[in-house]
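Encoded as structure tokens, the structure appears first; notes follow it.
The values are calculated or read from the model by the stated rules, or taken from the named source; none is laboratory data. None of these values were measured; they are calculated from a predicted model. Here the Cβ positions follow ideal geometry from the backbone for every residue, glycine too, while neighbour counts run over all protein chains shown.
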Amino acid sequence: MTNKYLIFLGCAVPYRVLSYEISSRKVLAKLGIELVEMPEFNCCGLPFDPVSHETMLILAAKNLALAEQEGLNILTLCPGCAGTLKKVNKMLNDDPSLREQINSHLKEAGLEFKGSVETKHILQLLREDVGFDKIKASVVKPLTNLKVAEHNGCHVLRPKKYFDYDDPEDPQTLKRLIEATGATCLDYMDETECCGAPSVGVSDKIALQLARDKLSHIKMVNAQALITVCPFCHIMYDTNELRIEKTFNEVYGIPILHYPQLLGLAMGLTPEELAFGDLRVKAQNIIQQLTQGANKCE
Amino acid sequence: MSEVTEKSAQKGKEQPIKASEFDSTFKYELQKISGSENILKCFQCGTCTSDCPVARYSDSYRPRTLIHMAQLGLRDRVLNSDTLWLCAACFTCTDRCPQGVEVASVIRVFRNLAAEKNCIPQVFMDQAQSLLETGYAYKIPELRINKRESLGLPPLPKGNPENVKKTLKGVKFFQNIQKPEGEKLSDQ
Ligand code: SF4
Ligand code: SF4
């Protein structure tokens, strides 16, 4: 098991979703994963792919080259960063002429891509490096009686040629990780569908419709919370839930939790330690239920 | 370019296609670009459009139609179409296309070509400016960066905008956006 990783925060997490970073660092520390900070950082490149593929390749390769200098594999919290770094690593390893072209750009900053580091999203790390058994063993307050739904998001699943650890049509990793906490993970309609976040700013109307679809599908199965593993998906649901309720005249009241927040609760960390206070849609009901349940057992 | 509305996305659709609009070289050009190499393999089954979450809520965005138009050589109609920017890059189409067309990548190639000439949505301009100034795609407020310590988080890794600029030297998109005011791609 590798237990030392270079943590690649990305742009969205430190910009808007500190609760994801705080909770991830807490649970990873408990699981014995050591995190090293990036010596220098630039955007992974994904946001620029639509306007300039070459820019995306250069930015991603630059980060990979920096990680190579540290001699450490990369861990990301953002699926977009993981997908991009994985993809570019493979593209440049498979195509020597492309690699040469991109390296000619990196040379300007005294860097070279060699293709020697691997990138994992936190889901993949939890599954492969920590393992379900160890996660189960870390649970001190099983979340029995809690029924939640999962949302993987697109870039930890697709395109499938870059992700071989799960099935994009029927993903299991997040479900099993949720079940490891003792909670029940419910099935619902269109589980693998996009949250709509990339359309924000281009067509808010379409983005909100997609987020609303998800909320209505998980409401149908009476999920008490939606569990995400992506800063953008989290923003899309947590920040917009109230707006969706107003726009469509519907009531959801479903809290959106980062998976590490859920796991953290099961590990006995407090909601304060896991930055529950940052959530727009408050998770009070869940926390009450869990504390009452715990009291009953005592 | 501001928000894409159904109305703006429809513009030009009513105009009948003229024979002079067909550019038979377009598809061969696309075949040579990384990402759209397989465009001629599309046999118009419609899987991409029927599985596209954006197409479900847009009256105008149809990946299959865009690919068909490109195969026919309707270069300007494809590249000037506002609907291009609606794709959420969810890669559902890429995974499900029976012909391995890599639909999402083809759409990305269209966008890249459009970005070389036309205006692009403002969000991309903002992100590009932020990248060149900070190394991050967003301008993270000082307050939030300073707050990290009190939250028990390590300092935010430093961006290196100078190195970013050096490595992006010669990249067309950044040459364009660094042109003096008035020549910028943005219509804002
Ligand atoms: S799914 Fe593939 S083959 Fe079918 S219409 Fe779309 S691009 Fe063409
Ligand atoms: S990648 Fe774009 S075109 Fe393909 S299914 Fe997703 S939103 Fe639709």
Would a scan of segment A:170-186 turn up a residue that is crowded, with 19+ Cβ neighbours inside 10 Å and within 16 Å of ligand 2 (Cβ to nearest atom)?
no
Given the conditions (1) part of a helix (DSSP H, G or I); (2) at pLDDT below 95, every one holds for A:V88 apart from (2)
Looking at segment A:21-43, which of its residues are more than 17 Å from the chain's Cα centre (by Cα) and under 26 Å from A:I58 (Cβ atoms)?
A:V36, A:E37, A:M38, A:P39, A:E40, A:F41, A:N42
Out of all the residues in segment A:91-111, which are surrounded by fewer than 14 Cβ atoms within 10 Å (Cβ to Cβ), not small (G, A, S) and not in a helix (DSSP H, G or I)?
A:D95
Note: among A:V27, A:V88, just one is touching a Gly at 6+ places or on another chain (Cβ under 9 Å), more than 26 Å from B:A104 (Cα to Cα) and more than 11 Å from chain B (Cβ to nearest Cβ), namely A:V27
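How many residues does segment B:11-33 hold that are touching a residue at least 40 places away in the same chain (Cβ under 8 Å) and either of a type in the set (A, V, I, L, M, F, W, C) or more than 16 Å from ligand 1 (Cβ to nearest atom) (or both)? Reasoning before the result, please.
Step one: list which residues in segment B:11-33 are touching a residue at least 40 places away in the same chain (Cβ under 8 Å), which gives B:11-13, B:17, B:21-27, B:30, B:33.
Narrowing further to those that are either of a type in the set (A, V, I, L, M, F, W, C) or more than 16 Å from ligand 1 (Cβ to nearest atom) (or both): B:11-13, B:17, B:21-26, B:30, B:33.
Number satisfying all stated conditions: 12.
Criterion first (among the basic types (K, R) and touching a residue at least 12 places away in the same chain (Cβ under 8 Å)) does B:R56 satisfy it? Walk me through it before giving the result.
Details: among the basic types (K, R): yes; touching a residue at least 12 places away in the same chain (Cβ under 8 Å): no.
So B:R56 fails the test.
Could you tell me whether B:S60 is buried (at least 22 other Cβ atoms within 10 Å of the Cβ), of a type in the set (S, T, N, Q) and within 14 Å of another protein chain (Cβ to nearest Cβ)?
Details: buried (at least 22 other Cβ atoms within 10 Å of the Cβ): no; of a type in the set (S, T, N, Q): yes; within 14 Å of another protein chain (Cβ to nearest Cβ): yes.
In short, no.
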Would you say A:T228 is within 22 Å of A:C185 (Cα to Cα), at pLDDT below 95 and of a type in the set (V, I, T)?
no
Any idea how many residues of segment A:242-263 are of a type outside the set (G, A, S) and under 16 Å from A:A149 (Cα atoms)?
11
Could you tell me whether A:T270 is more than 17 Å from A:T228 (Cα to Cα) and either touching a helix residue (DSSP H, G or I) at 6+ places or on another chain (Cβ under 7 Å) or not in a loop (DSSP other than H, G, I, E, B) (or both)?
no
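If only one of A:G71, A:G10, A:G32 is at positive phi and either of a type in the set (V, I, T) or buried (at least 24 other Cβ atoms within 10 Å of the Cβ) (or both), which one is it?
Working: A:G71 fails: either of a type in the set (V, I, T) or buried (at least 24 other Cβ atoms within 10 Å of the Cβ) (or both); A:G32 fails: either of a type in the set (V, I, T) or buried (at least 24 other Cβ atoms within 10 Å of the Cβ) (or both).
Exactly one of A:G71, A:G10, A:G32 is at positive phi and either of a type in the set (V, I, T) or buried (at least 24 other Cβ atoms within 10 Å of the Cβ) (or both), namely A:G10.
For segment B:135-142, state whether one or more residues are facing chain A (nearest Cβ under 7 Å), part of a helix (DSSP H, G or I) and away from ligand 1 (no atom under 16 Å from the Cβ). Spell out how you get there, then give the answer.
Keep residues of segment B:135-142 that are facing chain A (nearest Cβ under 7 Å), which gives B:135-138, B:140.
Okay, now just the ones that are also part of a helix (DSSP H, G or I), so none.
No, every residue in segment B:135-142 fails to be facing chain A (nearest Cβ under 7 Å), part of a helix (DSSP H, G or I) and away from ligand 1 (no atom under 16 Å from the Cβ).
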Run A:Y252 past the list (1) part of a loop (DSSP other than H, G, I, E, B); (2) more than 30 Å from A:L157 (Cα to Cα) and report the number of the one that doesn't hold.
(2)
So, A:K62, is that one of a type in the set (K, R), surrounded by fewer than 24 Cβ atoms within 10 Å (Cβ to Cβ) and outside any loop (DSSP other than H, G, I, E, B) or not?
no
Pairs with Cβ under 8 Å, 6+ apart, first in segment B:60-73 and touching a residue at least 12 places away in the same chain (Cβ under 8 Å), second among the hydroxyl-bearing types (S, T, Y) and surrounded by fewer than 21 Cβ atoms within 10 Å (Cβ to Cβ):
B:R62/B:T49; B:P63/B:T49; B:R64/B:T49; B:T65/B:T49; B:G73/B:S24; B:G73/B:T25
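Every residue, every condition in (1) under 24 Å from A:P79 (Cα atoms); (2) within 11 Å of ligand 2 (Cβ to nearest atom); (3) at pLDDT below 95, yes or no:
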site: B:E37; (1), (2), (3): no, no, no
site: B:F43; (1), (2), (3): no, no, no
site: B:G46; (1), (2), (3): no, no, no
site: B:D59; (1), (2), (3): no, no, yes
site: B:L66; (1), (2), (3): no, yes, no
site: B:L72; (1), (2), (3): no, no, no
site: B:F91; (1), (2), (3): yes, yes, no
site: B:P98; (1), (2), (3): no, no, no
Which one is farthest from the chain's Cα centre (by Cα), of the residues in segment B:154-172 that are in a loop (DSSP other than H, G, I, E, B) and more than 7 Å from chain A (Cβ to nearest Cβ)?
B:P155
Conditions: (1) of a type in the set (S, T, Y); (2) modelled with pLDDT under 95; (3) away from ligand 2 (no atom under 14 Å from the Cβ). B:T134 meets all but one. Number of the miss?
(2)
